[in-house]
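The values are calculated or read from the model by the stated rules, or taken from the named source; none is laboratory data. Quick caveat, the model's predicted, so the values are computed rather than measured. Here Cβ is always computed from backbone atoms with ideal geometry, including for glycine, and neighbour counts include all displayed protein chains.
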Amino acid sequence: MIEFKAVYFNGKTSRAYPVSVVFDGGTLRIRGSEGDHPALDVHIEDCTIAPPLGGTVRSIKLPGGAQCETTDTEAVSAMEHLTGRNTGMRLVHFLESRWKTAAGALAGLVLCVWLFATYGIPFLARKAAYAVPPELTEQMSRQAIKMLDRRFLKPSELDPGRIRKLREEFQHLSREIDADFNYRLEFRKSPHIGPNAFALPSGLVIMTDELVDLAADDRELLAILAHETAHVKKRHGLRSIIQNSGVFLLISLLAGDITSITSAAASLPALLAQSGYSRKFETEADRVAALYMIRKGWGTKPFQAILLRITRDMADYPGESLLASHPLTDQRVRHLREIEASMPEAE
Amino acid sequence: MTYLVCRNCGFSASERDVEDGLAVCPECNVDLKAEHPRGRDDTCRDAPFSRQEIPLRSAPRRIKPVFAGSAGEYFRIWIVNTFLMILTLGLYAPWAKVRERRFFYRHTVVDGRTFDYTAPPVAILKGYLIVGGGISLYYLAKVYNPLYSLLVFGIFSLVLPFLIYKSLRFFARHSAYRNIPFHFRGTVGESYRTYLLYPLLIPFTLGLIIPYWAFRRKKYFFGNIAFGTTANIFKGSARQFYKLYGIVAVMLTGVVVLFTVMILSFAPLIVTPEDVTFNTAMIFFFFAVYFTSLVVPAFIQQYIYAWTTNYCWGHSGLGNVRFQSTLKAGRLFWIRITNILAIIFSVGLLIPWAKVRRIRYIVDNVTVIADQGLDDFTAGLRPDESAYGDAATDFFDIEIGL
């Protein structure tokens, strides 16, 4: 037998009737404590108990739109317990009512966000990137190159014979690294970006005249091209687009209502996460290129040489920061040496 | 005080309201200054809703609403909400939304009774999925071809007024006080006029329509909300909004003048490079500019919020109940700035505290003025509303005026 004081609203007017309620396990007996109204017996099966929330009043929806409200939270939770109502929300309420569980939720939250950002988002992005249809990557890349041509790139001024030779070598190389994709190599002059090369998701690789001029021999250029081919093969471009929007989504989900007022504070972690991702991709592409060079018997020396030369040369160009997502050159060179040293068959 | 009564629907306005620019009945467009029989003709067009505003007696009751929630209590709800949301990859969001809103509603006590928010989370989930799908489509289109995203944006602007209309209906339908739900009586047509037509007219009117637009947005909410069968009567006039935006324009001009003076007085210091004061002067200058560009818009925002909230509550009448709101822009601004700082320095952990603090200030500044008790409101019909509109308000943060 559960007894408690409550206030009854009939759902037709805003008037509050003080009542006393008795629950015997099956029926709620509601009796007006001042006067006769109301006097009703309702079966608990026909009632809905609103889930508990903090220290707020408990309410029970009665059939026909009436409602009882009470501050006797213990009595209502006893009723819930007895009838097995709101099990899920009672658990949530349990977590919400104690500082220890709240601290646990905070720790769990931090852990989940960390796990999700480190493993979840990259995993999902990889799955999604491989599922993107080729027509879409074609279209995207065409848009991107159109934009770059308009703003940063000029037609190449290289000798056509040189272009033909590099293209042949590149066709050979790209088929060896990734036979499934349609690779093309284009040249552009860019006083703005300087010596550089980049790959678009469709398999279009752009190399600047400045880089070709900087190279001591073709092997150095092939090292760079192997690196770019690896980016396409591993879908790095698409993955970084998807991952970055994933991070953005995660942060806006977490920050919710504060993104508008502290957008600067919110974009900082996003930026950090993104540069972390892109560093991983660069390292992965370096590794593919290094293994290819070693397999060819060329070693990673040409790759190291061109990287160091690019870094020295880069400082003179205004657009340097545009594509400066590469990890520090010293680290990359060290990484290349480590790969070569760890290979048993290397020289 | 003498009242002028609309002969069509019984709407009454004080002579002062009429002097303030309320020439016609807001509902029937009947000229209030023309013949105005004091009696009431019962041929009201909105039959189920009582549109009569009953003049108050000389000594009505003044009821102070209280916000009874605490920051600690909300922190625990908020952190568990966020955790479950991440754990379920966002699927818990509707439940979190309902619990959050419920927390604030159920802790707002008026005359010993609390508000309640009764929206079913599953309905909101459907809304989230539909609106979320639309947003994903927009971003996909943007990646695919920027031109398509413009098309999607265009379609979206066409749908938005409908979503706002639906969301206000849903929001009202699931807000209740003393087990009596609210109702939103606005029409789709008015929503399209308010949220599509007027903004489209901004460039053609050189922005002069902006105050009127702000007025119509408020009127759409305050003029159409009803508690049970009692419709709220909104007596605001666009003229007052023009005054408000005039003051804002003066403030903005003042800031521009201040900027110019700052630039002119600092320019000589910055131009002489070899000077020792060069660095400190420049740092100070940029700090001053940055600070002003951050603080001034925040103040103006709070000023507009305080003024409109006070004005709209003050010009509302719900049967024999009136409201008074006494928000101060300076105080709201102080709360805003300190809240932002607290949130940044606590890595977001003080968000619940900041929210509770602001809500408490707002609730503390509302007074309900009631002739008798609040016992005589009636409920009326209960139509069901679908939820996709509610999701729209959450995504686009449309201010609903509470």
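Condition (residue is at negative phi, in contact with a Lys or Arg (Cβ under 9 Å, 6 or more places away or on another chain) and among the β-branched types (Val, Ile, Thr)) applied to region B:124-133: is it met by at least one residue? For region B:124-133, residues at negative phi, in contact with a Lys or Arg (Cβ under 9 Å, 6 or more places away or on another chain) and among the β-branched types (Val, Ile, Thr): present. Given the structure, is residue A:209 more than 17 Å from residue A:306 (Cβ to Cβ) and either modelled with pLDDT of 90 or more or surrounded by fewer than 18 Cβ atoms within 10 Å (Cβ to Cβ) (or both)? No: the conditions fail for residue A:209.
With respect to being within 14 Å of another protein chain (Cβ to nearest Cβ), buried (at least 21 other Cβ atoms within 10 Å of the Cβ) and touching a residue at least 12 places away in the same chain (Cβ under 8 Å), residue B:177 fits the description.
Scanning region B:339-355 for residues that are modelled with pLDDT of 85 or more and of a type in the set (Gly, Ala, Ser), we see that the one that is farthest from the chain's Cα centre (by Cα) is B:346.
One line per residue, one yes/no per condition, for (1) more than 44 Å from the chain's Cα centre (by Cα); (2) in contact (Cβ under 8 Å) with a residue 24 or more places away in the chain; (3) within 13 Å of chain B (Cβ to nearest Cβ):
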{"position": "A:50", "(1), (2), (3)": "no, no, yes"}
{"position": "A:54", "(1), (2), (3)": "no, yes, yes"}
{"position": "A:57", "(1), (2), (3)": "no, no, yes"}
{"position": "A:63", "(1), (2), (3)": "yes, no, no"}
{"position": "A:76", "(1), (2), (3)": "no, yes, no"}
{"position": "A:80", "(1), (2), (3)": "no, yes, no"}
{"position": "A:86", "(1), (2), (3)": "no, yes, yes"}
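Residues of region A:145-166 that are small (Gly, Ala, Ser) and assigned to a loop (DSSP other than H, G, I, E, B): A:156 alone. Please tell me if residue B:146 is surrounded by fewer than 14 Cβ atoms within 10 Å (Cβ to Cβ), within 8 Å of chain A (Cβ to nearest Cβ) and not aromatic (Phe, Trp, Tyr). Judged against the criteria, residue B:146 is a match.
The single residue among A:118, A:101 that is away from every other protein chain (no Cβ under 13 Å) and of a type in the set (S, T, N, Q) turns out to be A:118. Within region A:181-196, being within 20 Å of residue A:141 (Cα to Cα) and either modelled with pLDDT under 90 or not assigned by TED's automatic domain parsing to the domain that holds residue A:225 (or both) holds for A:181, A:182, A:190, A:193, A:196. Each residue in region A:1-20 was checked for being more than 7 Å from chain B (Cβ to nearest Cβ), under 14 Å from residue B:176 (Cα atoms) and of a type in the set (Val, Ile, Thr), and 0 of them qualify.
Taking first residues from region A:185-196 that are polar (S, T, N, Q) and partners that are buried (at least 21 other Cβ atoms within 10 Å of the Cβ) and in a strand (DSSP E or B), the Cβ contacts under 7 Å between residues at least 6 apart in sequence or on separate chains come to A:190/A:208; A:196/A:208.
Kindly indicate which of A:92, A:21 is without any contact (Cβ under 8 Å) to a residue 60 or more places away in the chain, buried (at least 19 other Cβ atoms within 10 Å of the Cβ) and assigned to a strand (DSSP E or B).
Numbers: A:92 fails: assigned to a strand (DSSP E or B).
It is A:21.
Residues of region B:142-190 that are of a type in the set (Val, Ile, Thr) and within 22 Å of residue A:9 (Cα to Cα): B:180 alone. May I ask you to list pairs of residues, at least six apart or on different chains, whose Cβ atoms are under 7 Å apart, with the first in region B:351-364 being touching a residue at least 24 places away in the same chain (Cβ under 8 Å) and more than 16 Å from residue B:100 (Cβ to Cβ) and the second being among the charged types (D, E, K, R) and in a helix (DSSP H, G or I)? From region B:351-364, the pairs are B:361/B:331.
Could you grab me the full set of residues in region B:151-174 that are within 14 Å of chain A (Cβ to nearest Cβ) and either in contact with a helix residue (DSSP H, G or I) (Cβ under 8 Å, 6 or more places away or on another chain) or assigned to a loop (DSSP other than H, G, I, E, B) (or both)?
Of the residues in region B:151-174, the ones within 14 Å of chain A (Cβ to nearest Cβ) are B:173-174.
B:174, the sole residue that qualifies.
Residues considered: B:362, B:344, B:335, B:340. Of these, the only one that is buried (at least 17 other Cβ atoms within 10 Å of the Cβ), within 11 Å of another protein chain (Cβ to nearest Cβ) and among the β-branched types (Val, Ile, Thr) is B:340. On the given criteria, is residue A:143 out of contact with any Cys (no Cβ under 8 Å at 6 or more places or on another chain), within 14 Å of chain B (Cβ to nearest Cβ) and without any contact (Cβ under 8 Å) to a residue 24 or more places away in the chain? Considered against the rule, which asks whether it is out of contact with any Cys (no Cβ under 8 Å at 6 or more places or on another chain), within 14 Å of chain B (Cβ to nearest Cβ) and without any contact (Cβ under 8 Å) to a residue 24 or more places away in the chain, residue A:143 comes out as yes.
Against the definition (assigned by TED's automatic domain parsing to the domain that holds residue A:47 and under 29 Å from the mean Cα position of the chain (by Cα)), how does residue A:110 come out, yes or no? Considered against the rule, which asks whether it is assigned by TED's automatic domain parsing to the domain that holds residue A:47 and under 29 Å from the mean Cα position of the chain (by Cα), residue A:110 comes out as no. Do you know which of the residues in region A:149-183 that are hydrophobic (A, V, I, L, M, F, W, C) and more than 18 Å from residue A:222 (Cα to Cα) is farthest from the chain's Cα centre (by Cα)? Top of the filtered list is A:153.
Checking the stated criteria, residue A:64 turns out not to satisfy the condition of being more than 28 Å from residue B:101 (Cα to Cα) and modelled with pLDDT under 90. Within 14 Å of another protein chain (Cβ to nearest Cβ), touching a helix residue (DSSP H, G or I) at 6+ places or on another chain (Cβ under 9 Å), modelled with pLDDT of 75 or more and surrounded by 14 or more Cβ atoms within 10 Å (Cβ to Cβ) - does that describe any residue in region B:315-331? Scanning region B:315-331, I find no residue that is within 14 Å of another protein chain (Cβ to nearest Cβ), touching a helix residue (DSSP H, G or I) at 6+ places or on another chain (Cβ under 9 Å), modelled with pLDDT of 75 or more and surrounded by 14 or more Cβ atoms within 10 Å (Cβ to Cβ), so the answer is no.
Conditions (1) touching a Phe, Trp or Tyr at 6+ places or on another chain (Cβ under 9 Å); (2) assigned to a helix (DSSP H, G or I); (3) more than 8 Å from chain A (Cβ to nearest Cβ), marked per residue:
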site	(1), (2), (3)
B:76	yes, yes, no
B:96	yes, yes, yes
B:100	yes, yes, yes
B:119	yes, no, yes
B:126	yes, yes, yes
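The lone criterion from (1) within 14 Å of chain B (Cβ to nearest Cβ); (2) more than 29 Å from residue B:85 (Cα to Cα); (3) in a helix (DSSP H, G or I); (4) in contact (Cβ under 8 Å) with a residue 40 or more places away in the chain left unmet by residue A:124 is number (2). Within region A:99-122, the set of residues being closer than 30 Å to residue A:200 by Cβ and surrounded by 12 or more Cβ atoms within 10 Å (Cβ to Cβ) comprises A:116, A:117, A:118, A:120, A:121, A:122. Hey, does region A:169-180 have a residue that's within 19 Å of residue A:156 (Cα to Cα), surrounded by 16 or more Cβ atoms within 10 Å (Cβ to Cβ), touching a Phe, Trp or Tyr at 6+ places or on another chain (Cβ under 9 Å) and modelled with pLDDT of 90 or more? Yes: one or more hits.
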